[in-house]
Amino acid sequence: MTAELEGRSIIVTGAGRGIGAAMAMGLAAQGAKVTIADIDPDTAEETAEAIRSDGGVAVASQVNVTERDSVKEMIARTAEAHGGLDVIFNNAGIAQTKPFLSITEEDWRRVLDVNGLGVLICMQEAIHRFVDQGRGGKIINTASIAGKQGYEPLAHYCASKFGVVALTQAAARAFGAQQITANCICPGVVATEMWKVIDKGFKDEGLTSRENEAFESFSSGILLGRPSVADDLVGIARFLASPASDYMTGQSLVVDGGMVFV
Ligand SMILES: NC(=O)c1ccc[n+]([C@@H]2O[C@H](COP(=O)([O-])OP(=O)(O)OC[C@H]3O[C@@H](n4cnc5c(N)ncnc54)[C@H](O)[C@@H]3O)[C@@H](O)[C@H]2O)c1
């Protein structure tokens, strides 16, 4: 039996660790040829090596998603290594905890640069490639429940993730005729290094009094009774990368264990 993603060339940005690493490993296990793209070349290589040692196909590519030349290089390297590009997961992102009135212009620009502009550039460059190839393509962006609901004190992060949903919908409208689809995944509270940064931010800002308090508080009402782990996002990633989702575009799929109903 052929694996569902056999031979598909897939880039995952921010795949050195966390959600991106889990998705990339899950995609490779279904036969995809993956590019592990991350600003940190060491973690990118570690994830790629883990996939190769499991018998999968992976190359590492250092990328800064906010720099167009770097993104172009990532796509060119992928096309050369895997024979084209079929799917891109724009997953790289950063977070920062800051009370609403304390967010500075510098904070706004830093978060929006990576989470907004970075996604736009990766989408644009992938679309150029898909159009040149003439066989369509799939864009899958990692937004968040923070792209569906504003949370204090993560306002600029939420704004960036609402932006990801908007970019997804706009691209779906613009490129459907070329069989290029765009969808996004909205995770909830996922136990990764990012949540450690968010949790520490709550404590440093005096909003919580102990480590893990914010994480536990955000997780407390989850209907399925536990916070997410990165592997919870693998099923949706496989579905969106596979032919099973071919007739779907412009959608935001919330995978949060039951937190936000939209
Ligand atoms: N952890 C959560 O609870 C959660 C919830 C919803 C959405 N998300 C989103 O999921 C995505 C992955 O988050 P995670 O929790 O795995 O975080 P993480 O911090 O563990 O991983 C993010 C990865 O992105 C990379 N990265 C950061 N800036 C980059 C840049 N400019 N260019 C290339 N790579 C860059 C980092 O090096 C890191 O490997 C992010 O977009 C995040 O906003 C996370």
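The values are calculated or read from the model by the stated rules, or taken from the named source; none is laboratory data. Computed from a prediction, not measured in an experiment: that's the story for all the values here. When we count neighbours, we look across all protein chains shown, and the Cβ atoms used for this are built from the backbone with ideal geometry, even at glycine. The protein model used for the area step is the full one, side chains on, heavy atoms only, and it has no ligands, DNA or RNA in it. Shrake-Rupley method; radii C 1.70, N 1.55, O 1.52, S 1.80 Å.
Return yes or no: is Val190 within 10 Å of the ligand (Cβ to nearest atom), aliphatic (A, V, I, L, M) and within 21 Å of Val114 (Cα to Cα)? Break it down into steps so the answer makes sense when it comes.
Numbers: within 10 Å of the ligand (Cβ to nearest atom): yes; aliphatic (A, V, I, L, M): yes; within 21 Å of Val114 (Cα to Cα): yes.
So Val190 fits the description; yes.
Inside the stretch 15-38, can you point out the residues that are near the ligand (Cβ under 7 Å from one of its atoms) and either over 14 Å from the mean Cα position of the chain (by Cα) or at positive phi (or both)?
Gly18
So how many residues does the stretch 132-151 have that are buried (at least 23 other Cβ atoms within 10 Å of the Cβ) and of a type in the set (D, E, K, R)?
1
Evaluate the following for Ala155: is it over 25 Å from Ile103 (Cα atoms), out of contact with any Leu (no Cβ under 7 Å at 6 or more places or on another chain) and of a type in the set (Gly, Ala, Ser)?
Details: over 25 Å from Ile103 (Cα atoms): no; out of contact with any Leu (no Cβ under 7 Å at 6 or more places or on another chain): yes; of a type in the set (Gly, Ala, Ser): yes.
So Ala155 does not fit the description; no.
Counting residues that are over 27 Å from Leu27 (Cα atoms), which helices (runs of 4 or more DSSP H) fully inside the stretch 146-262 reach at least 3? If you could, list the steps in order and put the result at the bottom.
Numbers: elements: 155-175, 193-204, 213-219, 234-241.
Ranges flagged: 155-175, 193-204, 213-219.
Which one is surrounded by the fewest Cβ atoms within 10 Å (Cβ to Cβ), of the residues in the stretch 152-174 that are at pLDDT 95 or above and closer than 16 Å to Val260 by Cβ? Walk me through how you get there before you give the answer.
Taking the stretch 152-174 and keeping what is at pLDDT 95 or above, we get 153-174.
Retained after the next criterion (residues that are closer than 16 Å to Val260 by Cβ): 154, 157-158, 161-162, 164-165.
Working: Leu154: 24, Tyr157: 27, Cys158: 20, Lys161: 31, Phe162: 18, Val164: 27, Val165: 20.
Result: Phe162.
Which of (1) in contact with a Gly (Cβ under 8 Å, 6 or more places away or on another chain); (2) away from the ligand (no atom under 15 Å from the Cβ) is the odd one out, the single condition Leu112 does not satisfy?
If we test Leu112 against (1) in contact with a Gly (Cβ under 8 Å, 6 or more places away or on another chain); (2) away from the ligand (no atom under 15 Å from the Cβ), just (2) comes out false.
Kindly provide the set of residues from the stretch 195-239 that are more than 15 Å from the ligand (Cβ to nearest atom), under 24 Å from Asn91 (Cα atoms) and surrounded by fewer than 13 Cβ atoms within 10 Å (Cβ to Cβ), ordered by number.
Matches in the stretch 195-239: Gly235 only.
Could you grab me the full set of residues in the stretch 99-145 that are basic (Lys, Arg) and part of a loop (DSSP other than H, G, I, E, B)? Reasoning before the result, please.
In the first step, residues of the stretch 99-145 are kept if they are basic (Lys, Arg); the result is 109-110, 129, 135, 138.
Correct list: Arg135 only.
Look through the stretch 72-97, keep the residues that are assigned to a loop (DSSP other than H, G, I, E, B) and within 15 Å of the ligand (Cβ to nearest atom), and return whichever of them is nearest to Pro153 (Cα to Cα). Full working, then the answer.
Taking the stretch 72-97 as the starting set, the residues that turn out to be assigned to a loop (DSSP other than H, G, I, E, B) are 83-86, 91-97.
Applying the additional criterion that residues be within 15 Å of the ligand (Cβ to nearest atom) yields 91-97.
Numbers: Asn91: 22, Ala92: 21, Gly93: 17, Ile94: 15, Ala95: 11, Gln96: 9, Thr97: 6 Å.
Selected residue: Thr97.
So the check is Cβ under 8 Å with 6+ separation or different chains; which pairs have a first residue in the stretch 185-213 that's among the polar types (S, T, N, Q) and a second one that's open to solvent by 20 Å² or more (accessible area, probe 1.4 Å) and near the ligand (Cβ under 7 Å from one of its atoms)?
From the stretch 185-213, the pairs are Thr192/Arg17; Thr192/Gly18; Thr192/Ile19.
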